[in-house]
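Worksheet for the structure shown next.
The values are calculated or read from the model by the stated rules, or taken from the named source; none is laboratory data. Just so you know, these numbers come straight off a predicted model, no measurement behind them. Ideal geometry is used to build each Cβ from the backbone, glycine not excepted, and the neighbour counts take in all protein chains shown.
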Amino acid sequence: MAGRTPEEALTAIEDAVRTHPAGVSAPDIMQALATPVPLRTLQYRLKHLVTHKRLIKDGEGRWARYRLPALATGREAHEAAQEAVLPLSKEGVLVRDYIRQSPAIRTPVGYNRKFLDQYRPNVSFYLTDEERAHLAVIGRPQIAEQPAGTYAKQILHRLLVDLAWNSSRLEGNTYSLLDTKRLIELGDAAEGHGYLEAQMILNHKDAIEFLVSAADEIGFNRYTILNLHALLANNLLADPSAAGRLRYIAVGIERSAYHPLEVPQLIEEAFDQILATATAIRDPFEQAFFVMVQLPYLQPFDDVNKRVSRLAANISLIRSNLSPLSFTDVPRQTYTEAILGVYELTKIDLLKDVFIWAYERSAARYAAVRQSIGEPDPFRLRYREQLGELIADLVRSCASRRDAVARIASWSQKGIVSKDRARFVQLAEEELTSLHEGNFARYRIRPSEFAAWQRAWKSG
């Protein structure tokens, strides 16, 4: 860096990030700099820029991506809005407030085997009778009794995108909904994103298809959970042989006072006990929540534990032909705090708040006919005209999938207030991907215009 002041170096980093609106990794920033710097130096400067709010950091470790604050406003406002909507119990608030303290002042803790040992299937319950009954009412689609997995197969196309996108988003993945749909349907990775993000989403796709296609064979057993991990971890681990294999190395939890179990034999014993306990639970919702709590708490794998738990939570739901859990709109910060509450306090209250709220939204999304869903979405009603104008313009101009992502973002920057921008973008993407021959007329689009747009859309 001879001949350049530190401020010039910081500005150069900002310029490199500016060309990647969706975010960019540290290695990609390094390649974009005119004057090479050591990775450690770059990381120090990135930390400085984040601390001084000149950059926004999404994700941790190798998943970390950096973007300019101006581009983060809408997304962060949407996240804050969802946090405000998600109702928390008094116990959940206590967990959240504890976790929001600095890790340096939180009490260091290790794995507590009693947390698992004390649970007795069908005697102990994480979910109350009322909560389980409520979830059963909203989660049962109006279909006749059919073989396991029938309902999930009927909505598989939508489930693949929803669950892959939301679960990846909770890991810091910055793909948009349209980017995800394009990747899953066409295998076309989005520009400006690292290959790790695309790999994460495609791994989710494979894992979801595995659960749905083998609905009559899956369960809380080694075959299912180990193979689920192998699919989700494919090409993402430093040690490729660790995919689908229980952990025998020590791992740490970033920004946490929790230290997971380290002895391989004890990890295996606890893992088998979790599976046996989950299998013995009769209620599908209690099963789903039990594995969301206990699997990540044990950390049985080198990495990808939370992803395994989120998809494993769907095993009992898929087998029972209940609405799946896709984690739609779950705020990433709240989910992370809820998991840390389990790690450090062995308290499930905040995670239960997230689970119930998330399932209510997922069930409402997938139910075929449910007149009790509630009143029309006030947000959609408020932006009805803007949404109609944008969708009609995209169709009439034959916008491709790639063009649509950029144009929706650009249009919302100009026409939507910042606090509503991210929600509007998501809504526009959902409307566009849901267009078909039976509903395009509501945007005053002619059949010839729709046909021309479909050709452009399918071709990419």
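Quick notes on this structure:
- Qualifying residue in the stretch 241-256 (condition: over 25 Å from Lys352 (Cβ atoms) and not in a loop (DSSP other than H, G, I, E, B)): yes
- Whichever residue in the stretch 20-68 is assigned to a helix (DSSP H, G or I) and modelled with pLDDT under 80 and, among such residues, is surrounded by the fewest Cβ atoms within 10 Å (Cβ to Cβ): Gly61
- Of the residues screened, Tyr195 is one that is closer than 29 Å to Tyr297 by Cα, surrounded by fewer than 19 Cβ atoms within 10 Å (Cβ to Cβ) and hydroxyl-bearing (Ser, Thr, Tyr).
- Residue check, Gln265 outside the structural domain of Arg62 (by TED's automatic domain parsing), among the polar types (S, T, N, Q) and under 19 Å from the mean Cα position of the chain (by Cα): no
- Failed condition for Thr328, given (1) in a helix (DSSP H, G or I); (2) modelled with pLDDT under 95; (3) within 22 Å of Ala152 (Cβ to Cβ): (1)
- Thr277 falls short on exactly one of the conditions (1) closer than 25 Å to Ala338 by Cα; (2) crowded, with 21+ Cβ neighbours inside 10 Å, and that condition is (2).
Per-residue answers, yes or no, for (1) of a type in the set (A, V, I, L, M); (2) touching a helix residue (DSSP H, G or I) at 6+ places or on another chain (Cβ under 6 Å); (3) under 28 Å from Asn166 (Cβ atoms); (4) surrounded by fewer than 19 Cβ atoms within 10 Å (Cβ to Cβ):
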site	(1), (2), (3), (4)
Leu394	yes, yes, yes, no
Asp403	no, no, yes, yes
Arg421	no, yes, yes, no
Leu427	yes, no, yes, no
Ala441	yes, no, no, yes
Pro447	no, no, no, yes
Trp453	no, yes, yes, no
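- Qualifying residues in the stretch 131-145 (those that are surrounded by fewer than 12 Cβ atoms within 10 Å (Cβ to Cβ) and in a loop (DSSP other than H, G, I, E, B)) - the one modelled with the highest pLDDT: Glu145
- Residue match in the stretch 255-270 (condition: under 24 Å from Ile155 (Cα atoms) and polar (S, T, N, Q)): no
- Against the numbered list (1) exposed (fewer than 15 other Cβ atoms within 10 Å of the Cβ); (2) in contact with a strand residue (DSSP E or B) (Cβ under 7 Å, 6 or more places away or on another chain), Tyr223 comes up short only at (2).
- Check on Arg307, assigned by TED's automatic domain parsing to the domain that holds Leu163 and out of contact with any His (no Cβ under 8 Å at 6 or more places or on another chain): no
- Hits in the stretch 239-251 (condition: touching a helix residue (DSSP H, G or I) at 6+ places or on another chain (Cβ under 9 Å) and either of a type in the set (D, E, K, R) or touching a residue at least 60 places away in the same chain (Cβ under 8 Å) (or both)): Ala242, Arg245, Arg247
- If you check Tyr111, Tyr119 for being at pLDDT 95 or above, out of contact with any Ser or Thr (no Cβ under 9 Å at 6 or more places or on another chain), surrounded by 11 or more Cβ atoms within 10 Å (Cβ to Cβ) and closer than 22 Å to Gln299 by Cα, only one passes: Tyr111.
- Extreme residue, modelled with the highest pLDDT, among residues of the stretch 345-392 that are surrounded by fewer than 21 Cβ atoms within 10 Å (Cβ to Cβ) and polar (S, T, N, Q): Thr346
- Residue match in the stretch 221-233 (condition: basic (Lys, Arg) and more than 24 Å from the chain's Cα centre (by Cα)): yes
- Near pairs, Cβ below 7 angstrom, 6+ apart or cross-chain, from the stretch 109-122 (assigned to a loop (DSSP other than H, G, I, E, B)) to any residue that is β-branched (Val, Ile, Thr) and surrounded by 11 or more Cβ atoms within 10 Å (Cβ to Cβ): Asn112/Thr346; Tyr119/Thr277; Pro121/Thr277; Pro121/Ile281; Asn122/Ile281
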